[in-house]
Amino acid sequence: MHKKLILIISCLVFGIFTSSGQEYAVEKIDSLLLENAHAVIREYHTQVEIRSRNRVQKKITYVVTVLNERGSHFADLGVGYDSFRKVRNLKGTLYDKNGEKIRDMHRREFLDTQRYSDYALYSENRIIRATHNERTYPFTIQYEYTVNYSITAFLDFPWIPVDDMHLAAEQASFTFDTPDDFEFRHKAVHTDILPRVKPHGRNRKHHTWELTNIKAIPREDFMPSVFDLTPHIFFSPNAFTYGKYQGNMQSWKEIGQWINLLNDGKQDLNQQSIQKVQELTAGMSDTLDIIRAIYQYAQSHTRYVAILLGVGGYQPEPASSVAQMGYGECKALSNYTVALLNAAGIKAHYTLIQHGQQIVQIDPDFPSNYFNHVIVCVPLENDTIWLETTNQLLPMGFIGAGNMDRYALVVTDEGGVLTRTPPVVAEKNNVNQFLTAALNTNGIARISLRKEFNGISISNRILPSRSTNNNQIEFFRESAGLNQLFIEHIDYQLKGKLNPSITKEADFVLQNYSRTAGDRIIFRPLMLEASLTAPAQTQQRYNDFRLPSTVLYSDSVLWQLPGNYKPIQLPDNTNLETPFGIYRLHYQTHNDDNTLTLKRELKINGGLFRADAYHDFREFLREIQRADRNQVILREVN
């Protein structure tokens, strides 16, 4: 009897451990989640406990199965900390493809290093990175850790369990454990889930969000940002603390008021700086000239260096310190520029913005801290000037594609005002090329080029426009993509008072530009620095696709043909009109002076398009590509 009982208990215990050990077996993953996946999250649980206004604890359990080498980075872990965040109880465990435990990770596999060390002069921001050498696929890794906060601001904003392509998830949850009187707001995006709310202990409650079976999104050309595709939840506390500073996020105005609290007294300038402003602007009456003089002075006397200490993640260094040291990060440099402009009698505003291409879309009705960068806003009577202070080369009025056409929080004396930076308007975002070329019978082409860049198109031309002539020659040689190129002259000019443009002029010679076939000369009449290339064909398009800002391209080309050679074959004129844009290419010969002219116009419409239109878009690009590469055949006529 006792032997039977022992046997039964042994079997039960063995069965329990066997079941637990196989919990993460790869064979248990639903086949639908394996589609397009390089890794699958098995569990991702976040528990945030608000203990008081300045005490928060977050516990994380993250388990991911890496299916192949391309998904190896999903097993990496980086946990940041600073004076307001402390990491505790970090551990990791490795499992094989059957879900059987391989081993616990060793302490030496967790590396503690300074964060932002490549560009931060001073930083107390640190990061613990998990490193492992597991290369037998598939495998599973489990991480558990706790983070203790001494702030209630900016916690898990937003919660995005699947934040990359080719990553699926079986189950994920987020639990907010709060006192009954702790007020916060939340909003679900790309999901309709609602929190499960229940009492928890004395005068507390749990809000829990759960997501299951999130399929992997494949990476594709022209696809939208991951934030536009995957489910996520925004959280924002109403009242919060950050260090010794208290604030409220219920409105944009109140967020701006908190920034004013952080910046109080930081715009004071010493007498030497004030005197310098007076010298720079002496005799000037045009407001734009004054702004430009001060902006260029700030650019030429400062450089970007990150300083991340204490509340320094949100509070700038004093303007007087920047003037003395000559460096700062975006907050300090923008604050310094605002102080200089104010000293000149021009009202300017410190402005928060979300910089970059992969950004979270700001909801005007959900105030919170979406921002990662600071620029300057200068409102004028009939216009607004925006200034990017971390780049020493940008002309006044151009803030770059990473800041354009998005929400920004202008911090006024009364608080924050949500507005938008300038959109990318097609009429102001264009590239115009004028090319005159002469071809001789030896295949040598002598070319004069004039090219005008406006709007976002100036981005990649600002550096050469500020460079030496030798650097300009090298830049042109690399960007032209032409063989046997001999540059005789090149010049870049930055123009424009408010809407900057760049003009490039060049004279150059191309050897062997044409080829002969018997008594015929064959050459490509359209000369482009960057011709469009159609993406590779795919069997299935999964995602909608987004085209960047609308851009207009126009090319006017005049060819002086050699001797008595005349075109015997011209490509057909091309006229394309699609939802994605328009393309026109027209040829015309002139017998009186033996010339050939081309007029090319291309407009790419920015916007979001349905996945089922991708084939038509690709065909549009292919037709453009074919037309751009067409050749002209000449033959001598006696």
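Nothing in this text is a laboratory measurement; each read-out follows from the coordinates by a stated rule. Because the structure is a prediction, the values reported are computed rather than measured. Positions of Cβ are backbone-derived with ideal geometry, glycine not excepted, and every protein chain shown enters the neighbour counts.
Numbers at a glance
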read-out: The range 91-105-the range 263-279 distance, computed between alpha-carbon centres (Å); value: 60 Å
read-out: Pairwise FRET efficiency - Arg103 versus Gln22, Cβ, R0 = 22 Å, nearest 0.05; value: 0.80
read-out: Span-rule helices in the chain, defined as complete DSSP H runs reaching 18 Å or more along the axis (Cα) with Kyte mean at least -0.5; value: 2-21, 287-301, 330-343
read-out: Lysines with Cα under 27 Å of Lys451, excluding same-chain neighbours fewer than 8 positions away; value: Lys428, Lys495, Lys497, Lys504, Lys599, Lys603
read-out: Low-density loop positions, chymotrypsin sites (Phe, Trp or Tyr not before Pro), the range 209-301 - DSSP coil, at most 14 other Cβ in 10 Å; value: none
read-out: Dimensions (Å) - the range 540-604, Cα atoms, principal axes, largest first; value: 55, 24, 16
read-out: Cross-link reach list, lysines versus Lys244, counting only Cα pairs under 17 Å and skipping chain neighbours closer than eight places; value: Lys266
read-out: Where labels lie 7 Å past Cα in the beta-carbon direction, separation of Glu427 and Arg70 in nm; value: 4.6 nm
read-out: Loop-resident sites, the range 404-483, for GluC sites (Glu not before Pro), counting at most 10 other Cβ within 10 Å (DSSP); value: Glu414
read-out: FRET efficiency, 1/(1 + (r/R0)^6) with R0 25 Å, evaluated for Phe434 and Ile568 via beta carbons; value: 0.40
read-out: Cα-based reach from Lys91 at 26 Å (exclusive), listing lysines while leaving out same-chain residues under 8 positions away; value: Lys28, Lys58, Lys59, Lys101
read-out: Bins of 5 Å from zero: percent of alpha-carbon pairs in the range 184-254; value: 3, 11, 16, 16, 16, 16, 11, 7, 3, 1, 0
read-out: All-pairs Cα distance distribution in the chain, expressed in whole percent, bin size 10 Å; value: 3, 12, 18, 20, 19, 14, 8, 4, 1, 1, 0, 0
read-out: Contour excess over end-to-end distance, with Cα ends at Lys495 and Thr384 and 0.36 nm allotted per residue; value: 38.1 nm
read-out: Against the rule of thumb 2.2 N^0.38 Å, how large the Cα Rg of the range 427-636 comes out; value: 1.11
read-out: Unit charges on C-beta of K, R, D, E only; dipole of the chain, Debye; value: 1380 debye
read-out: Semi-axis lengths (Å, descending) of the ellipsoid that matches the C-alpha gyration tensor of the range 325-385; value: 24, 17, 9
read-out: Overall Cα dimensions of the range 251-420 - principal axes, largest extent first, Å; value: 46, 38, 30
read-out: Projected-area average for the range 19-245 over all orientations - Cα convex hull basis, square nanometres; value: 14.5 nm²
